[in-house]
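One structure is given below, encoded as structure tokens.
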Amino acid sequence: MLRNKAAAITQAFLIRNNPIGLIYTEFSPPARLFRARDLPRCGFSSEHRSRSSSVPVSLQHLEKLMPRNAGVSQPGEPEALHRCAVLGTGTAATHKVSFLIPECGMLPEVLKSTIADFGEYYLVRNLPVHELVAHEFVDAFVKKGSCYALTYKTKIDQDNTAALLPNGKLILSVDKDTYEELGLQGRPSRYSGKKVMRYIVTIDLTDAGFHPESKKHNRVLWALKEKKPLEFDFLLAWYNTAVLHLKSYQGEGSRGAEGSTLMSYFSKNQIQALKPKITFSTLRDLQCPVLQSNDPQGKPEESCSTEELFEWLGAVLNQVNLDNKSSSFLSTYCCPEPSTVVEKAFLCTITGFIIPEKIIQLLEQLCCYFGEPKLAYWLTLTVHGFADSPVSWRENEHGFHKGGENLYNFVIFRNLDYWLQMAVGAHDDCPP
């Protein structure tokens, strides 16, 4: 998060607490509620999505922002704001989630149980890609919930990689030779340089024309199974969003999908159940910037800006010493002013293959943290996407360049105002 400003894009949003729980997008100054510092640099246009400052984004527009199966909360439900931010603008599965609560020495039990409920994900070794397009897998998991998959320990700028998104799209990022051998329709990578050496292939597993008897399905299956078999270690997770009534598949070589779990379905593969790594730490005498929820720009001697907070938070999460002592040869960075010293701050970091649905649950509980009087004026939730994922925001192509950064950060205030910051590296589209 201590980023090179020439190679990163940062957007900060002030989302005021509103009674119907939806995001306002009024751009007409001076009272605009959507703010972005680097609009010209990232090519973001300030189009008028809503002409009235009292009219929220339509539910139909929110549905377009969200992956399939995410659902749209009705007006009045506070989680609509969370779902739009996390599912509408966030990455697919994420690598790391951190939250920081100033003036907190012990985590409430409800937050502890939410973290413990993050559940398992799976590592499947040597899994052929064609098994992800098989109609048994699509019917059992892709169409009956949110299914996530990402190739494990592959490098997006060097290796062939793949990702399955919760909207049912399988994304392949392959080199030129593999692309030509596959014979599937794709497009050149945006980040392969003047001489195209990498291609992106998108396969919509939920398309009406992609059924077992269709030519499209048979063509894809033949390309991935016989013409150019692709095989990877995959990280997999599945969120059941419906009551499943699955048939048992019989016959030699078929997969028993009864029980509707990835573990049982891939029982003939080398599969391992994993749990996210969770670390807790208490930071003492932490110097924190002073923030005002209604002033993301900051004012001298009154409050710090969103950019100053972003850099400070990056230093804290990376355990950088903020003393700025003359004897330190590692860092001269110090907390921005004005600042205050808190006796204790609680930091939790969760690392693994984390799906957005779990982040939503955590975000909702963090908002409930302010349901009772607290000393803390604000807290933060930071989410990092995988550096080597083929996509970052929604279905936007992701490149590594120097670090593969793609992350977003919530600042949640006591009065339930929000700041939302999003950042990516140079080889990414501007976040939505």
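The values are calculated or read from the model by the stated rules, or taken from the named source; none is laboratory data. The model shown is predicted, which means the values in this text are computed figures rather than measured ones. In this analysis, Cβ positions are derived from the backbone assuming ideal geometry, glycine residues included, and neighbour counts consider all displayed protein chains. Side chains included, ligands, DNA and RNA excluded: accessible areas come from the protein's heavy atoms. Shrake-Rupley method; radii C 1.70, N 1.55, O 1.52, S 1.80 Å.
Per-residue extension of 0.36 nm, minus the Cα-Cα distance of D139 and R414, leaves a gain of 94.6 nm for this segment. Per residue, the accessible area of the stretch 289-432 comes to 39 Å² when a 1.4 Å probe rolls over the protein heavy atoms. A crude spin-label estimate for the pair D323 and R187, with each label 7 Å from Cα along the Cβ direction, gives 5.3 nm. In percent, rounded to a whole number, the relative contact order of the stretch 288-406 is 17, using alpha-carbon pairs under 8 Å and six or more apart. Most tightly packed first, judged by the mean number of other beta-carbon atoms within 10 Å of their residues, the peptides 333-342, 309-318, 211-220, 382-391 read 382-391, 309-318, 333-342, 211-220.
Compute the Cα gyration tensor for the stretch 351-432, then decide on rounded, prolate or oblate, letting a ≥ b ≥ c be the square roots of its eigenvalues: rounded whenever a/c is under 1.5, prolate when a/b is larger than b/c in the other cases, and oblate in all that remain. It comes out prolate by the Cα gyration axes. Does the stretch 88-205 come out rounded, prolate or oblate by the C-alpha gyration tensor, with a ≥ b ≥ c the root eigenvalues, rounded set by a/c under 1.5 and, if not, prolate when a/b is larger than b/c and oblate if not? Taking the square roots of the gyration eigenvalues as a ≥ b ≥ c, the stretch 88-205 is prolate.
For D177 and Y239, the difference between the fully extended length at 0.36 nm per residue and the C-alpha to C-alpha distance is 18.8 nm. Taken over the C-alpha atoms, the stretch 265-397 has Rg and Dmax values of 18.6, 64 angstrom. Computed from the Cβ-Cβ distance with R0 of 51 Å, the FRET efficiency linking E120 to E301 stands at 0.55.
The label point for E226 and the one for S267, both projected 7 Å from the Cα toward the Cβ, are 3.0 nm apart. Modelled this way, with points 7 Å down the Cα-to-C-beta line, the labels at K402 and K216 are 4.1 nm from one another. Anisotropy class assigned to the stretch 100-139 is prolate, per the alpha carbon gyration tensor with a/c at or over the 1.5 cut-off and a/b larger than b/c.
Computed extension gain for E343 through N294, at 0.36 nm per residue and net of the alpha carbon distance, reaches 15.1 nm.
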